[in-house]
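One structure is given below, encoded as structure tokens.
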Amino acid sequence: MRHVETIIVGGGPAGSSCAAELVRARSDVVVLDKARFPRLKLCAGWITQKVMDDLALTPETYPHGIEKLTIKTHLRGVPFAFNGLPTVGENYSIRRTEFDNWLLKRSGAEIIEHQVKVIEHDEAGGRYVIDGEYSCVNIVGAGGTMCPVRKTLFPAERMKSRQIATLEKEFEYPQRGGTCHLYFLLRGLEGYAWYVPKANGYVNIGIGGKSRWFRNTGEKIHDHWRAFIGDLVAGGMLDEDTAEGLKEGGHPYFLYTHDGEVKNANAYIIGDAAGLATVDLGEGLGPAIESGILAAKDILGQASYEKTAMTKYSFGGVMQALARRTIGRYHTRGRA
């Protein structure tokens, strides 16, 4: 059996950010992931200025395509008179298949292709044992919403009420427009839809909403997807032949609440495994990277990893204050 000081289960942005911090401190760390990178990852690929700062990244130093976003916001199908979102700093789009692979390689950590199935906690020995093949002092769960570390080592939470369901598609579409469009409360959907242009002629189109809303109303997310695609065709943003051939995919994730632990003994959960997407916009990449870095600093004895330390809102300024008043309390008190 191989022993490592820290094993990170999952090599996405949360896991790779955690690994990079540990490698820089010359700490013994291995990343286990069931997939081989680069791999497909459905995601709007929106990264904020804070993400860029946390990663010490600039558009010039990123080796793949990155697009600075000009954003047009629509409410109930009606465009706002102003452009942009009230977030702090610039916004960019990347392709996750490139971004995740680059981040993981940049971490400098050893990466092993391995699907984690059984995790045991040897309390007497102070170790976690994975599939009888690996053992470690610290284990970090970065395996997304179905992370085996969370499912095995953390108490079950009532997470369905804050679950977000999504459908999206990323594809090459050279004739795409250069503006990012965000649609809030489209046809009453408790969520939003997006049209995000990416570098090198790619675009990501998607729709997401609260699973609870779909259950309570009887609405079907696939119906909203088809209606949204129809809107894009009618608006000249997508041609009929391309729209006809789109095969969407989706995945669930969870919005932030104060409920639930992110550290249990020497076990940690980060990113989507901890349900850290922002309350207002469901941003997942920023909190994933932030949590990975902070968990690593906790392991190194440099900081304390606590859920309350995570960024909860993507909006800044007046819009954040409004979000706190309208939806913030509902989520952060754990009743979402």
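The values are calculated or read from the model by the stated rules, or taken from the named source; none is laboratory data. Just so it is clear, the model here is predicted, and its values are computed rather than measured. All Cβ positions, glycine included, derive from the backbone under ideal geometry; neighbour counts span all protein chains shown.
In the set (1) touching a Leu at 6+ places or on another chain (Cβ under 8 Å); (2) within 17 Å of Ala165 (Cα to Cα), the condition left unmet by Leu238 is number (2).
Are any residues in segment 287-304 touching a Phe, Trp or Tyr at 6+ places or on another chain (Cβ under 9 Å) and crowded, with 22+ Cβ neighbours inside 10 Å, and if so, which ones? First the steps, then the outcome.
Of the residues in segment 287-304, the ones touching a Phe, Trp or Tyr at 6+ places or on another chain (Cβ under 9 Å) are 287, 291, 294-299.
Matches in segment 287-304: Pro287, Ser291, Leu294, Ala295, Ala296, Ile299.
The number of residues in segment 239-254 that are part of a strand (DSSP E or B), touching a helix residue (DSSP H, G or I) at 6+ places or on another chain (Cβ under 8 Å) and at pLDDT 90 or above comes to 2. Taking interchain pairs and intrachain pairs at least six residues apart, which have beta carbon atoms under 6 angstrom, with the first residue in segment 27-38 and farther than 15 Å from Glu133 by Cβ and the second of a type in the set (A, V, I, L, M)? Matching pairs, first to second residue: Asp28/Val4; Val29/Ala19; Val29/Leu22; Val29/Ala109; Phe37/Leu104. Which numbered condition trips up Tyr313, out of (1) hydroxyl-bearing (Ser, Thr, Tyr); (2) over 22 Å from Val23 (Cα atoms); (3) outside any loop (DSSP other than H, G, I, E, B)? (3) is the only condition that Tyr313 fails. Among what's in segment 218-230 and is in contact with a helix residue (DSSP H, G or I) (Cβ under 8 Å, 6 or more places away or on another chain) and touching a residue at least 24 places away in the same chain (Cβ under 8 Å), pick the residue that is nearest to Tyr183 (Cα to Cα). Filtering segment 218-230 for residues that are in contact with a helix residue (DSSP H, G or I) (Cβ under 8 Å, 6 or more places away or on another chain) and touching a residue at least 24 places away in the same chain (Cβ under 8 Å), the one nearest to Tyr183 (Cα to Cα) comes out as Phe228.
Where residues in segment 113-169 are in a strand (DSSP E or B) and loosely packed, with under 13 Cβ neighbours inside 10 Å, which of them is modelled with the highest pLDDT? Let's see the steps before the verdict.
We begin by selecting, within segment 113-169, every residue in a strand (DSSP E or B); these are 113, 119-122, 127-130, 134-141, 163-169.
Now drop any that are not loosely packed, with under 13 Cβ neighbours inside 10 Å, which leaves 113, 122.
Details: Glu113: 97, Asp122: 91.
This residue is Glu113.
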